[in-house]
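Working notes for the structure below.
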Amino acid sequence: MGRPGAAVKAGGVSRDTWKGTPERGTLPSMPPTPTRVSRETSRHAWSQFHVKRHVMCGHSIRRLAPACIAISLLLGCDEPATPPDPEPQPAPQQPDSPPREALVAESDARQTALLLAALDDPSADTRQRALVGLARVRSSEGIAPATRLLRDTHAEVRAAASLALGALAHEHPDQVVPALAGALAAERDPEIRALLLRDLGRSHDPRALPAVRAGLRALTEPERSAACHAAAEWGLAGEPTPAGLRAAIASLLSDQPEPVRVSCAYALGRIPPGPQDEGVAAALALALADPSAEVRAFAYRAAGAEPGLTLDVVAPGARDEDWRVAVHALRAMGRKAPAASDGPAVMARALRATYDAAVADGALSAGPATHRLLSAFDAAGSVARAGAVHDLAVELHRASAGLEGGHPRDRGLVHCAAAELVDQARGWPSRVDDCGGEAVEAWERVVRAANVLARLEGAHEQRVVFLRRLFQQEHPAVREAVLAAAPPIPTAESTSLVLEAFHVNDAGVRAAAATALAAIARRPVLAEVVPPPLPMVEVRQALSAMADHTPEDELETWVSWIDALDATDARDLGGRLEALARHASRGVRDPARALMRRWDLPIPSEHDEVPNPIDPDALVDPGTRPRVTLHTSRGDIVLELRPDVAPTTVARFLALAGDDFYDGLAFHRVVPAFVVQGGDPRGDGYGGPGFWQRCEDNRLPYTRGTVGMALAGRDTGGSQFFITHGAQPHLEGRYTAFGQVVAGLDVLDQLQPGDRLGSVSL
């Protein structure tokens, strides 16, 4: 998101989900000058509704569970002894419950006083809403009360307490892991146990692994499925996993209910292979033929990185009846083809078969067939220089120029994909210069030329000269593609090109420059190529100039700047971090504070107040499911929104739609079998509405057709949204889900980059 996964700014992309420069649209209540608040102060949103506060006193609550139960679980015991009955919650003396709108406003303003007070409310609904609000604020003040409410008599409250603690599990594992493990030992409801397991996984702390292992052997389906999801968190975080964990997960790929098989196939695709993964390859090979398309899709994703599976094992998947499975299989083939002696021949046969299936009587089929074909061209790029692939690419480039029927945009994209493959095979961009006809814009061709240069090897000086010429074009997407192509070229000239981009008066280009500089600083030193040292004087000047000219609300640009500062170890600019460590957005504040911590710099305890708190009157009745229709250039897609779980996201989305903000905007990003993304007025992934939307943690799963908010980091949402082609569990808990496609999935499958959203009907 950014992209999700990696975002959507994901799906294996550099930025998970996008957002950026304010361009269009406003919302009320945006103070021009943020004020500073401490962690202890609050907006007191409750007072807007004239609700009295009541002091709760005289409450006595016993500890959550016997310590021995929590310890035994952490030591790896399968099941605890019969747990004690939950403690009843004492009822306070006739308090007035805060309205839902007040709790939502408090959470959106990232304050806690009202939320903490509401945890003692006699209403289970109020306690549950307050806990969800604390999950969104992510304040350590909520750890102790949320731990207490893990023993609430109402299941929905216990589930929300787990959500609140899971949100803090990685930051505060010493407190959260024992609390969740203790609750797991005492919990009887298998659905709540499953939630506790998933939230334990969010810690990716070694002390949580015994509970995860025990969950893999649990008697109930929800717990086994949740344990696989929890194990995947270690892979998502890049944390090492113990030997044997992948094998234990792989053992659940057969003779299990479909939800368990799906979850465990997903986990194997997220946890990198290890040296002691006995049986994993064999289990994955069987899963490639699973009757469930979701299992097959995740299994092919895992198979691409599995050393025990060869190209001939994954190749049949390119013909799978489900287009999303075929796309994952083609990507797996692209990863394995370079190491296989017959890789180019196998890849060429798959490309030929995919082309023939997509083109009947000279007409290109829209939707899934085009997604398959574009993915096949991309996968073949890994062996483009081989004769078999080169010859076929030349043939298909010529043939695709004469395609008729189907959608003109699809024909143009296929012709350009063939041209790009020819250029990769020949080692220089030329065919892309005139590809696609009128269906492709000139700047898109230049982006493809930069992509060709990025995938080449050698010819370093010539590539930089060509990139400099391309950079003269002012379209932001072109300049961003040029900057992405520079880091693989290990020369001083490529670094100089990146540093010059820091002075361009465009927030998206500067963010791309900072990302490129970080990649250059982290370039591996190979035996055959030693990159030149960074010119630190120029690096400091570029970083300083960028900081001087970046507005406070350019969140993604600041996130990229902090990463570049870290990668280059420019510690003499560390003083700039203090202001960022006070930033109202956690997406900026958290990485700034993390870097200050690594550099042993003092971290401020206060932070700025959010600049655009929600107007409670704008919130939608949580008992409704508003429907909106996206009128796209391919047809209509109907969304059902969820104000009950994402109230502020839905309110702001509807406000933008009502102001015609989305009319005419392009879907700028489509990753087949992952997401379709739109809502950016810039069209390059860095645009936004002029305000930022906070994350709203919830339990909505990312299934086929789920609508989510694109991000560049925590609390950096805006106008960009994405819709998933299929299940994407790795987005859950990271990107706010706020709706679902209820009609038009066939239209969703037809969308390609550049297709437009004509209007939105409320």
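Bear in mind these aren't lab numbers, they're just calculated from the coordinates by the rules spelled out. Just so you know, these numbers come straight off a predicted model, no measurement behind them. For neighbour counting, all protein chains shown are included, and Cβ atoms are generated from backbone atoms with ideal geometry for every residue, glycine included.
Could you size up the charge dipole of segment 614-761 around its Cα centre, putting +1 on the beta carbon of Lys and Arg and -1 on that of Asp and Glu, and report it in debye to the nearest 20? Mind dumping the intermediate values first?
Working: 13 positive and 18 negative charges, 73 e Å.
Roughly 360 debye for segment 614-761.
For 561, 428, which order do you get if you count the other beta carbons within 10 Å of each Cβ and list the fewest first?
Numbers: 561 30, 428 15.
Placing the least packed residue first, the sequence is 428, 561.
If you count, for each residue, the other Cβ atoms within 10 Å and average over each peptide, how do 147-159, 319-331 line up from highest to lowest?
Per-residue mean Cβ counts within 10 Å order the peptides as 319-331, 147-159.
When only Cα pairs under 8 Å and 6 or more residues apart are kept, what is the percent relative contact order across segment 347-469?
Relative contact order here is 22 percent.
Taking a ≥ b ≥ c as the square roots of the Cα gyration tensor eigenvalues, with a/c under 1.5 meaning rounded and otherwise prolate when a/b beats b/c, else oblate, which class fits segment 614-761? Walk me through the intermediate numbers first.
On the way: a/c = 1.28, a/b = 1.20, b/c = 1.07.
The shape class here is rounded.
Using Cβ contacts closer than 10 Å as the measure, can you line up 562, 192 from fewest to most? Don't jump to the answer; show the numbers that get you there.
Numbers: 562 25, 192 20.
So the residues, fewest neighbours to most, are 192, 562.
Along its three principal axes, how long is the chain when you only count alpha carbons? Whole Å, largest extent first please.
Largest to smallest, the principal-axis extents are 81, 59, 54 Å.
Would you work out the charge dipole size for the chain about its Cα centre, treating the Cβ of every Lys and Arg as +1 and the Cβ of every Asp and Glu as -1, and quote it to the nearest 20 debye?
Dipole magnitude for the chain comes out near 820 debye.
Largest first and to the nearest Å, give the Cα extent of segment 581-641 along each principal axis.
Computed over the Cα atoms, the extents are 54, 32, 18 Å.
Going out from 0 in 10 Å bins, what whole percent of all Cα-Cα distances in segment 398-519 drops into each bin?
14, 42, 29, 12, 2
According to the Cα gyration tensor, what semi-axes, each the square root of 5 times an eigenvalue, does the equivalent ellipsoid of segment 148-207 have, listed from largest to smallest in whole Å?
Equivalent ellipsoid semi-axes, largest first: 18, 11, 10 Å.
Compare the peptides 669-678, 621-630 by average per-residue count of other Cβ atoms within 10 angstrom and give them in order, highest first.
Descending packing order for the listed peptides: 669-678, 621-630.
Along the Cα→Cβ direction, 7 angstrom out, place labels at residue 191 and residue 398. What is the inter-label distance in nm?
Here the answer is 6.3 nm between the modelled labels.
Which of 108, 290, 617 comes first, and how do the rest follow, when ranked by fewest Cβ neighbours within 10 Å? Let's see the in-between values first.
Details: 108 28, 290 20, 617 8.
Listed from fewest to most nearby Cβ atoms, that is 617, 290, 108.
Bin all alpha-carbon pair distances of segment 469-611 at 10 Å intervals from 0 and give each bin's fraction as a whole percent.
Histogramming segment 469-611 at 10 Å steps yields 12, 42, 32, 13, 2, 0 percent.
Taking 8 Å as the Cα distance limit and 6 or more residues as the minimum spacing, I'd like the relative contact order of segment 277-351 as a percentage.
Over segment 277-351, the number comes to 27 percent.
Between residue 523 and residue 434, what is the spin-label point distance in nm, taking each point 7 Å from the Cα along the Cα→C-beta axis?
With each label placed 7 Å out from Cα toward Cβ, I get 3.5 nm.
How large is log10 of I(q)/I(0) for segment 677-751 at q = 0.15, 0.18, 0.22 Å⁻¹ when the intensity is taken from the Debye formula with one equal scatterer per alpha-carbon?
Calculated log10 I(q)/I(0) at the listed q: -0.50, -0.71, -1.01.
Tally the DSSP beta bridges in the chain and give the antiparallel ones as a percent, rounded to 5.
90 percent
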